[in-house]
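A.B. asks: Before we start, here is the structure in question, set down as structure tokens.
The values are calculated or read from the model by the stated rules, or taken from the named source; none is laboratory data. Everything quoted here is computed from the prediction, not taken from an experiment. Because the Cβ atoms are built from the backbone with ideal geometry, glycine has one as well, and the counts that use them run over all protein chains shown. Accessible surface areas use protein heavy atoms only, side chains included; no ligands, DNA or RNA. Shrake-Rupley method; radii C 1.70, N 1.55, O 1.52, S 1.80 Å.
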Amino acid sequence: MSTLASKPFLQTASRRPEATHYHTLYSGVLQVRFGHLARVTLITAYVTGFTINLHHSWLWAIVPVDGFFLFASIFCLYVLRKARLHVDDRVQPSLALQVYRRIFSRAYLQIALIYILCAATITLIYKQKFASLNLYLPKKEFELAKLNEKVFFCFCLGIYNALVYALVHCILDIDLVVLPAAKTDPMQRVRKLIPHCLWRSTFMTIFMVTTFPLAYGLVRGSVWRAALAVFRIFKTLHRSNVLPSFPWVPVHAVLLSFFLTFTWSFSNSLFTVYMTLGPIHRGKPISEKSSDPNGTLITGLRSSKRPFTKRTAYQELNIISHGDGRRRDSIYKDIEKPTVWSQICDECLSVIAAQRHAFELTNVNKAAKNSARAPVANAPTLITSPSSSPTPTQTKLRRGNVFLPGGPKALSPAVKLERRIVSSLQDPQATQSSAVIGWFQSGKQFIADSEKKFWRYVEEFLGSPYTMPFRYTIQRRERQLAPTPDIFADAVDALTEFVKHSLTEDTFGNVQRDITRIMDELDDTLTVFEQFRLTPPLHWSDVENKKKLINGMNPIDTPDEIYLDILLDLHDSVLYGFEEVVKIFWDYLPKMGLSQKVYDRCGVIVQPRRYIQ
């Protein structure tokens, strides 16, 4: 056997084992929380059914079938909310366009169908247990049965409540969830939400009871004729089709509307509370359940196709960077390539860069439009002395018709006639051409003046308060550019905290190698945000904000400033992170090899005397 064969082969570095995906663990946590939500709802529905049936019989009170039906209808609403849950703000350029697209959509039909199913169940329970409304009116033995229109009035009221509440659900985008900054007890949050649910239900009840009689009056005849046609199939009814007196039942209308709206409002609030409990489950972060917590956390940061999972992962990263020294130490001391810190840094910087590119691209598009509309400057005129200037060649002008071929030729009678006609149409003194040019110039000026007047009238019309929903405002534009500002804020805050703690905890100096690119990215982001704030790309319909501009720029720090709240929040989070890093590494800045633009910003924003102890 050869000596080469007897020696072992050199072992290459093995790849980092694949960690359990963050979404897998988070899905299990959400299922547990959804189970708790269903249990709380079932208990509430059971207590409600027990109370309703208490005055009927003890058997129906102990086994409240009505409560189970109530729970089933609310559970359908939970399933709908779970399928439509999202964390990105899906705003439209204008309020009118947003309302239009959310109402005339397939989503509204799905939501309205679930609410109608729930309303029919609750109305049936209310009719049997509270209103005691019979389907047929009392009659004598020799009379035929008559339908009780009050029953249809109540059911139509329930459907009306469902349609209107589904409308509110879509317009206000109740499916949008925002994770709270700190972990709180769910029942404590529910208790705080009850007064809000009561107030909202009271307001909506007043609106429903006030507007429903008018809506019911429009469809009353159709409802009555349809009810007679259906129920005459099953029973012999009175032959009269005449509408009875208006079935106004104000007490039942108020109670039924309040019960419906409060049930939906409380159920939606309960769902939001349990689905936004954050990344801490039973006292530990979600990634702690994995055999490789840091690897699992990184898979959550990369979950671009699962925004809710990504949002929770970044919140967990922020919590770890602030208060979990053990996890920070494990991140700092990981030296296996690629290191955990480098992957976390890359993901956080990618979030910051993506947000910066969104605002930067808007500024670039605006600059391109302005440059395209700007007039082209005239070329400079070269002035030369008369002695040095060459003598221009004199051009001989040809008299006569310049469009006719030259050279003597024998002309036919047809060609002679043609030349005679062309010569008669020419104008040697150019009086007719001057008149035509004058007509064109006056027409052009008239069109320009008319266009100015038209746009002045359009701006006056858009400036009225009645056209406010149709404006494409810059405030809605910034919400489109930053649909998930919480992820951006958590990424910046987590990076800042890791860099701050690295001065005393990072023994291998992994973080210090990335400070240069972190500071460059923060500086570039600040520059783009400041430029966007100074020259916001206003739409032509945003006339109110256009009036505030001074020389095309936003008057910052004045009462007339165009206030961009989301942009200011993003800018403040980046500025805070930049200042904190500079504050910690102030003594080492000259030796860190930062770019000149970063040093310039350090000199402008941070003064040395602020950090002298």
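A.B. asks: Right, Thr205: among the polar types (S, T, N, Q) and in contact with a Leu (Cβ under 8 Å, 6 or more places away or on another chain) or not?
C.D. replies: no
A.B. asks: Now for a separate question. Check every one of the helices (runs of 4 or more DSSP H) wholly within the range 513-613 and list those with 3 or more residues that are modelled with pLDDT under 90 and open to solvent by 20 Å² or more (accessible area, probe 1.4 Å).
C.D. replies: Ranges flagged: 596-605.
A.B. asks: Those residues that are part of a helix (DSSP H, G or I), exposed (fewer than 15 other Cβ atoms within 10 Å of the Cβ) and touching a residue at least 40 places away in the same chain (Cβ under 8 Å), I need them from the range 169-180; list them, please.
C.D. replies: Of everything in the range 169-180, just one residue is part of a helix (DSSP H, G or I), exposed (fewer than 15 other Cβ atoms within 10 Å of the Cβ) and touching a residue at least 40 places away in the same chain (Cβ under 8 Å), namely Ile171.
A.B. asks: Still on this model: Give the number of residues within the range 181-214 that are open to solvent by 80 Å² or more (accessible area, probe 1.4 Å), in contact (Cβ under 8 Å) with a residue 12 or more places away in the chain and of a type in the set (A, V, I, L, M, F, W, C).
C.D. replies: 1
A.B. asks: Now for a different question. Looking at the range 57-108, which of its residues are touching a residue at least 40 places away in the same chain (Cβ under 8 Å) and loosely packed, with under 13 Cβ neighbours inside 10 Å?
C.D. replies: Across the range 57-108, the qualifying residue is only Ser105.
A.B. asks: Identify all residues within the range 451-480 that are out of contact with any Asp or Glu (no Cβ under 7 Å at 6 or more places or on another chain), open to solvent by 20 Å² or more (accessible area, probe 1.4 Å) and closer than 30 Å to Asn318 by Cβ; write none if there are none.
C.D. replies: Within the range 451-480, Gln475, Arg476, Arg477, Gln480 meet the criteria.
A.B. asks: I would also like to ask the following. Considering every residue within the range 155-168, establish whether at least one is open to solvent by less than 50 Å² (accessible area, probe 1.4 Å), in contact with a Ser or Thr (Cβ under 8 Å, 6 or more places away or on another chain) and farther than 21 Å from Leu117 by Cβ.
C.D. replies: Looking through the range 155-168, none of the residues is open to solvent by less than 50 Å² (accessible area, probe 1.4 Å), in contact with a Ser or Thr (Cβ under 8 Å, 6 or more places away or on another chain) and farther than 21 Å from Leu117 by Cβ.
A.B. asks: Hey, another quick one. Name the single residue that is nearest to Trp540 (Cα to Cα) among those in the range 451-475 being in a helix (DSSP H, G or I) and basic (Lys, Arg).
C.D. replies: Step by step, filter the range 451-475, then rank; the result is Arg456.
A.B. asks: Let me ask something else about it. Of the residues Asp329, Asp346, only one is within 21 Å of Asp523 (Cα to Cα) and not hydroxyl-bearing (Ser, Thr, Tyr); which?
C.D. replies: The match here is Asp346.
A.B. asks: Could you list all residues from the range 1-33 that are closer than 24 Å to Ala313 by Cα, modelled with pLDDT under 80 and open to solvent by less than 90 Å² (accessible area, probe 1.4 Å)?
C.D. replies: Listed by number, the list holds a single entry, Arg16.
A.B. asks: Moving on to the next point. Every residue in the range 121-138 that is among the aliphatic types (A, V, I, L, M) and within 15 Å of Phe262 (Cα to Cα), please.
C.D. replies: Scanning the range 121-138 gives a single hit, Ile122.
A.B. asks: Here's something else I'd like to know. Please state which of the following conditions Met187 fails to meet, knowing it meets all the rest: (1) part of a helix (DSSP H, G or I); (2) among the hydrophobic types (A, V, I, L, M, F, W, C); (3) over 33 Å from the mean Cα position of the chain (by Cα); (4) closer than 26 Å to Pro64 by Cα.
C.D. replies: The number of the failed condition is (3).
A.B. asks: In the range 122-145, which residue that is open to solvent by 30 Å² or more (accessible area, probe 1.4 Å) and within 20 Å of Pro64 (Cβ to Cβ) is modelled with the highest pLDDT?
C.D. replies: Among those residues, the one meeting the criterion is Leu124.
A.B. asks: Right, something else. Look through the range 239-264, keep the residues that are of a type outside the set (Phe, Trp, Tyr), in contact with a helix residue (DSSP H, G or I) (Cβ under 9 Å, 6 or more places away or on another chain) and in a loop (DSSP other than H, G, I, E, B), and return whichever of them is nearest to Ile52 (Cα to Cα).
C.D. replies: Val249
A.B. asks: Only helices (runs of 4 or more DSSP H) wholly contained in the range 265-363 count here; list those with 3 or more residues that are surrounded by fewer than 16 Cβ atoms within 10 Å (Cβ to Cβ) and modelled with pLDDT under 95.
C.D. replies: Where helices (runs of 4 or more DSSP H) fall fully within the range 265-363 and carry at least 3 residues being surrounded by fewer than 16 Cβ atoms within 10 Å (Cβ to Cβ) and modelled with pLDDT under 95, they are 325-332.
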